[in-house]
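Single-structure report; data block below.
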Amino acid sequence: MEFLTKEDIVLINRKTIKKHGGHFVPLFNFLNEPPLDYLVDAVQAKMFDKPLYPEIYEKAGVYMFNIISNHVFQDGNKRTGLGAALLFLRLNDFSLSHNLKKISTSKENTIPEKGESNNEILIEFTLEVAAGIISLEECQKWFKENIISVEELIY
């Protein structure tokens, strides 16, 4: 399995700010660097020789949730969190489905609460992670329901 490095994630942040606007503070735009160091290790962590996050959707959720929730960067956390999760999926031959779905929660809500089109669902999902409405487990569940392997796209 391919994982993102700290340098990969910083590059995603730098490129997304360059492309979409925002403020990049040299050298690395960090606001809160230690959670990024933790993330790079945690996503690959094992406990008693078993992965802490064994499934691809769990790891994608960890990338997105931790970058956004921990405000790793001065600017661009939402875009970087989503970008890191999507790049991680792509590196491992997975992608978001062409038909993104809202998912039900135990609280009888949907994640995200708003949005109908794929773009709206993705934007609202990301904003709800940033707002603290979505937990890590709910983020991972959303990825579980909304990713497919590249092989499924081909056939």
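Quick note: the coordinates plus some simple rules give every number you see, no bench work behind them. Quick caveat, the model's predicted, so the values are computed rather than measured. Every residue, glycine as well, gets a Cβ built from its backbone with ideal geometry; the counts of neighbours run over all protein chains shown.
Tabulated data for the structure shown
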{"quantity": "Kirkwood Rh, angstrom, the chain [1 / mean 1/r, Cα pairs]", "calculated": "15.9"}
{"quantity": "Contour excess over end-to-end distance, with Cα ends at residue 109 and residue 1 and 0.36 nm allotted per residue", "calculated": "35.5 nm"}
{"quantity": "Full-extension gain in nm, residue 50 to residue 137, via 0.36 nm per residue minus C-alpha separation", "calculated": "29.5 nm"}
{"quantity": "Theoretical gain in end-to-end length, residue 42 to residue 119 [0.36 nm per residue, Cα-Cα removed]", "calculated": "24.8 nm"}
{"quantity": "Loop-located GluC sites (Glu not before Pro) in the range 95-124 whose Cβ has at most 16 other Cβ within 10 Å (DSSP)", "calculated": "108, 113, 116"}
{"quantity": "Cut-off under 5 Å, modelled amide H: who pairs with residue 147 long-range", "calculated": "97"}
{"quantity": "Length-normalised contact order for the chain - Cα pairs under 8 Å, 6+ apart - percent", "calculated": "25"}
